[in-house]
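What follows is a set of notes on a single structure, which appears directly below.
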Amino acid sequence: MPYQKAIVFFVFALLYLAAKAGCVAMAIWMHAVAPDFIGRALTAYNTRAKRCFALGVVNALAVLFLCAVLFGTQLEPLGLLGLALLLSLAALAMVGYSLSYHDLGRQLRDERAWTPARTILLGGIAAEAAFMAPVIGQVFSIGVLFRGLGAVVSAMLWRGK
Amino acid sequence: MMNCETYRAECDQQFDAGEVVILDGEHAAACADCAAYGERLAAMQEALSRAPLETPRASFTEVLKARLAQERAHADESQWWIGASAFAACALFVVAGWYAAGPINPSAWINRDLAGISVWQYVEEVTRDSSLAWAKHYWFIATEPLSGLASPRTWTLAVLALIALVSVNMAEAYRLRGASRFSPHRRN
């Protein structure tokens, strides 16, 4: 049995690392396909931190509450609408989460001539390692999540024209 | 012979150009005030030339670059990736659902003799059985604890939350556009 438990643990650890690697890869991909959008979100993230955090908290709590009410109806169409809302919120939150990779990578890079992909990759590794720290890492992670979500919402609301 | 006004204007011009202020001349010898003015400018210029240049922090450079990038025109910004991402997500969702509704072993799809039965009929047949029932079962288990939320009071709160959500986002959009309109860097 211990042998089987070790295998199960190993598989789950690999899945966890794969998910984290996927987050970093998604951050690099988003920067490649939508540099203007990510640029606007990063500007909001860096220059309006408190406002972005407040915007993220309001959006996340309101949407989660609406999802809970829609799920609570036990009606399939409304439940699916709630599911779509929840998935949209999760997608936006993940994009916002990846902004911390840019931010930390930029601070690590300093004046060195790193490519954007390398900056995001090293920033992502450092950020994910920091998020794994007990208690402090989780608190930091939640703060970054709301701030990033607010920055993404802000970038969606204003296209810079 | 130049007067005080022209002498000081010449000193100022040389100071602004970063040149060494010339103190000699007939007017400086005759006017003590203008000579002192020229000496002050020369001392100030020497002090400025000795002072080290302050280099901005890396974060300042990044913020400045980000703000400059923000000011670029986004008129030709391509939005194709939003539609492509949504389509890919929907396609993935449909394929995953289709696959989950079918047998676990993918080879069963290949080896199955479909003679006399279309693929859609087969999918319908498979979907009708346990897979959909299991999905509904898990959906019920996940949402059943929330069924108590369905009350008039909660719906009122939900409507208020929706109004608050839209209001906050619209206010933020209005503020951002207003800030952009009065930005000194705004393009005309």
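A short reminder: the numbers here are calculations on the coordinates, not readings from a lab. Values in this document were obtained by computation on a predicted structure and should not be read as measured data. Positions of Cβ are backbone-derived with ideal geometry, glycine not excepted, and every protein chain shown enters the neighbour counts.
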Query raised in the report: If you average the sequence gap of Cα pairs under 8 Å that are 6 or more apart and divide by the length of segment A:46-161, what percent do you get for the contact order?
Result: 41
Report summary line: Everything considered on the Cα gyration tensor (a ≥ b ≥ c; rounded for a/c under 1.5, else prolate if a/b is larger than b/c, else oblate), segment A:117-161 must be described as oblate
Query raised in the report: Across the residues of A:94-107, average count of Cβ atoms on other protein chains within 10 Å?
Result: 1
Report summary line: Per the helix-only model, chain A has a calculated mean residue ellipticity at 222 nm (DSSP H runs of ≥4, -39500 (n - 2.57) each, divided over all residues, rounded to the nearest 500) of -31000 deg cm²/dmol
Query raised in the report: Computed FRET efficiency, Cβ-Cβ of A:Leu61 and B:Ile141, R0 30 Å: what is it to the nearest 0.05?
Result: 0.75
Report summary line: Here the membrane-span-like helices of chain A, with no claim about any membrane, defined by DSSP H, Cα axial extent at least 20 Å and mean Kyte-Doolittle at least 0.5, are A:2-33, A:49-72, A:76-109, A:116-131, A:136-157
Report summary line: One point scatterer per Cα, no solvent, Debye formula: log10 I(q)/I(0) for segment A:38-150 at q = 0.14, 0.18 Å⁻¹ comes out as -0.64, -0.91
Query raised in the report: If you place +1 on the Cβ of every Lys and Arg and -1 on the Cβ of every Asp and Glu, how big does the dipole about the Cα centre of segment A:58-156 come out, in debye to the nearest 20?
Result: 200
Report task. Give the dimensionless ratio obtained when the Cα radius of gyration of segment A:1-79 is divided by 2.2 N^0.38 Å. Result -> 1.69
Report summary line: If the chain between A:Phe12 and A:Lys50 were fully extended at 0.36 nm per residue, the gain over the current Cα-Cα distance would be 10.1 nm
